[in-house]
Each structure stands twice: as structure tokens, then as C-alpha cells.
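Written out below as C-alpha cells is the structure these notes cover.
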Amino acid sequence: MSYNLLKGKKGIIFGALDENSIAWKTAERVHEEGGTFVLTNAPVAMRMGQINLLAEKTGSQIIPADATSIEDIENLVSKSMEILGGKIDFVLHSIGMSINVRKGNHYTDQNYAWTQKGTDVSAMSFHKVMQTLYKKDAMNEWGSIVALTYMAAQRVFPDYNDMADNKAYLESIARSFGYFFGKDKKVRVNTISQSPTPTTAGSGVKGFDGFIAYADKMSPLGNATALDCANYTVSMFSDLTKRVTLQNLFHDGGFSNMGVSDAVMDTFMKE
Ligand SMILES: NC(=O)c1ccc[n+]([C@@H]2O[C@H](COP(=O)([O-])OP(=O)(O)OC[C@H]3O[C@@H](n4cnc5c(N)ncnc54)[C@H](O)[C@@H]3O)[C@@H](O)[C@H]2O)c1
């Protein structure tokens with residue numbers, strides 16, 4: 001169902017790799033709600049992904065950008081403003097990658113070159129995107145910037161590995177940059193802390209099947225899906241959430257406030 005919540009709004013969506021991606025679902029929902037946008041992803045992901053299908057479906061243009069490259073981001077922001085015909089109202093940062101996770105390096109046995117690369121891609125890229133938007137004065141007043149995160153930033157999930165540290169850094173950048181963006185440009189910045197979700201990035205985490213089933217059993221409302229996350233992000237891009245900023249917003253069916261649930265207890269009770 002569409003409510004026209006984003007009619008006339010313009011934005012940039014990072015991170016749609018395939019139809020499972022949270023950014024893919026978000027692009028579809030933003031389109032349904034009347035928003036227009038530029039799609040972007042790393043040049044390497046363009047070759048693997050099916051982003052052209054999404055662009056066709058949503059009437060969008062694609063601008064490749066490696067989110068670790070200031071030059072690429074500057075080009076992306078300038079070209080997006082040309083294509084969209086002015087300043088930007090919303091940005092979704094939906095990017096995450098850890099080489100240590102991908103290669104199976106344990107948290108206690110990091111390859112630090114890979115750790116640094118993961119931090120650059122997963123967290124510092126958010127600072128780079130916002131700094132570029134800020135310097136170019138590219139955001140409209142009351143615009144909204146959202147990045148996706150996970151609760152391993154606050155609590156221990158051993159197999160989330162160095163991504164936990166990257167998410168803690170990402171959430172801190174949202175608060176620190178969000179202050180200046182709010183004060184100087186009336187732009188809001190938030191992170192959405194999403195349930196485990198079966199996507200390429202999510203499924204890369206060791207033991208993901210167990211992890212997602214456990215979270216589902218612990219959450220009174222069950223895990224939030226990628227589509228649920230897209231809907232929440234639409235609300236954060238809309239004018240209905242104008243004074244929400246500097247927040248880490250848990251979107252997880254209630255998981256983050258649970259101690260234990262009946263469903264989990266049942267698996268430990270002796271007859
Ligand atoms: N899937 C989950 O369980 C889950 C849970 C909470 C938060 N998140 C977060 O949601 C976001 C989106 O992930 P997803 O689950 O949709 O997986 P996904 O694999 O579909 O998306 C990750 C995206 O990051 C992009 N990316 C990687 N390196 C890049 C670079 N250098 N420049 C630009 N883009 C780059 C990839 O191409 C891909 O499109 C990530 O921040 C992820 O950490 C995911």
C-alpha cells in the first residue's frame with residue numbers, strides 16, 4: 001500500500017546488490033511512496049549484481065561509487081544533484097563488508113590490513129559520505145540520512161567478529177556528524193539496528209542459520225524482515241519523523257530488550 005509519504009523527495013540509495021538486499025527492498029518501497037533517487041554501489045558489485053533490473057523498475061539512474069573513495073563520492077553527489085535537479089532529501093547507507101569474516105579469520109586472529117579495509121568500507125565510508133554532502137551543501141533542510149547497523153555494536157555476538165567494532169564506530173559517527181548536520185543544516189542522522197536478515201552480507205556470518213532462528217525465538221514479534229526494514233526507513237525519510245535525530249533505532253521485533261523468552265526456555269527445560 002502506498003501513502004505517498006515521499007512525494008517530491010529526492011535521494012541516493014547505497015548498497016542494492018540483489019533482490020534480497022535491504023537497500024533493494026528500500027528502493028522499491030521509496031519508489032512506491034513517490035520518491036525519486038539515484039542508485040549506487042561499488043563498481044565490482046555492479047558486475048555481480050542485478051542492479052540494472054532495479055533501476056529499470058524504479059526509473060532510476062545508476063552511478064557506480066566505491067564508498068571508500070572521496071573522489072567517487074564527490075562525483076556521485078554532484079552527478080546525483082544534476083540528475084535529480086537540485087538538493088537531496090534522503091540518503092540510505094546500506095554498506096557492510098569484513099574480509100576477516102569472509103575469510104574465516106577468528107576475532108582473536110585478525111589480519112589487520114583486512115580489519116582496516118572493513119572499517120573503511122563499513123564505517124568510515126559513512127563519515128566520507130556525510131562530509132561530502134555537508135561540504136557541497138547538498139542536503140535540503142529537514143532531509144534525513146539513515147545507516148543500517150546491528151546490535152553487536154552494544155552486545156557480544158562472537159561470530160560477528162570485527163563487524164561488531166565497525167558497527168560501534170558507525171553508530172558513533174551518526175551521533176557526532178548528526179550534531180553538526182542538525183545544528184548547521186537542519187538535517188537528521190540516525191542508524192537503524194536491524195534483526196538478522198538473510199542477505200549476502202548477513203549470510204556471510206558464521207552460524208547465521210542458528211543465529212537468525214535464535215533471534216526469531218527471542219523476539220516477541222519475531223525477526224523484522226528486509227521489507228519491514230524498508231518500511232521503517234521510508235518513515236524515517238518522511239516528514240512524519242522530522243525531529244528524530246542522533247538515535248540508534250532498534251528495529252528487531254523486541255529482541256534488544258529481551259532477557260529470555262518462553263520459546264527459548266522450552267529448549268532448555270527438562271521433562
Ligand atoms: N543482513 C543482516 O543480518 C543485517 C542485520 C543488521 C544490519 N545489516 C546491515 O545492513 C546493510 C546492508 O546489508 P545487507 O544485509 O542488505 O547485505 P548486502 O550484501 O545485500 O548489502 C551490502 C552492500 O554493501 C556493498 N558494498 C560493499 N563494499 C562496498 C564499497 N566499497 N562501496 C560501496 N558499496 C559497498 C555491497 O556491494 C552490497 O550491495 C549493511 O550495513 C549490513 O551490515 C544487515
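The values are calculated or read from the model by the stated rules, or taken from the named source; none is laboratory data. For clarity, every value in this text was computed on a predicted model and none was experimentally measured. Don't worry about glycine lacking a Cβ; one is built from the backbone with ideal geometry, like all the others, and counts go over all protein chains shown. These area figures cover heavy atoms from the full protein model, side chains too; ligands, DNA and RNA do not enter into them. Shrake-Rupley method; radii C 1.70, N 1.55, O 1.52, S 1.80 Å.
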- Which residue, of 156, 189, is away from the ligand (no atom under 12 Å from the Cβ), over 15 Å from residue 96 (Cα atoms) and assigned to a strand (DSSP E or B)? 189
- Query: Residues of segment 76-99 being in contact with a strand residue (DSSP E or B) (Cβ under 8 Å, 6 or more places away or on another chain), within 16 Å of the ligand (Cβ to nearest atom) and more than 13 Å from residue 13 (Cα to Cα), which ones?
  - Reply: 79, 96
- Note on the structure: Filtering segment 120-144 down to residues that are in contact with a strand residue (DSSP E or B) (Cβ under 6 Å, 6 or more places away or on another chain) and more than 14 Å from the ligand (Cβ to nearest atom) yields 133, 138, 139, 140, 143, 144
- Taking segment 192-207, which residues are in a helix (DSSP H, G or I) and in contact (Cβ under 8 Å) with a residue 40 or more places away in the chain? 200, 201
- Query: Quick one: in segment 122-166, which of the residues that are basic (Lys, Arg) and over 24 Å from residue 105 (Cβ atoms) is surrounded by the fewest Cβ atoms within 10 Å (Cβ to Cβ)?
  - Reply: 135
- helices (runs of 4 or more DSSP H) completely within segment 31-124 that count 2 or more residues being within 19 Å of residue 145 (Cα to Cα) and β-branched (Val, Ile, Thr): 70-84
- Item | Selected residue (criterion: farthest from residue 228 (Cα to Cα)) from residues of segment 16-30 that are open to solvent by less than 20 Å² (accessible area, probe 1.4 Å) and not in a helix (DSSP H, G or I) | 16
- Query: Can you tell me which of 61, 110 is open to solvent by less than 50 Å² (accessible area, probe 1.4 Å) and either touching a Pro at 6+ places or on another chain (Cβ under 8 Å) or away from the ligand (no atom under 15 Å from the Cβ) (or both)?
  - Reply: 110
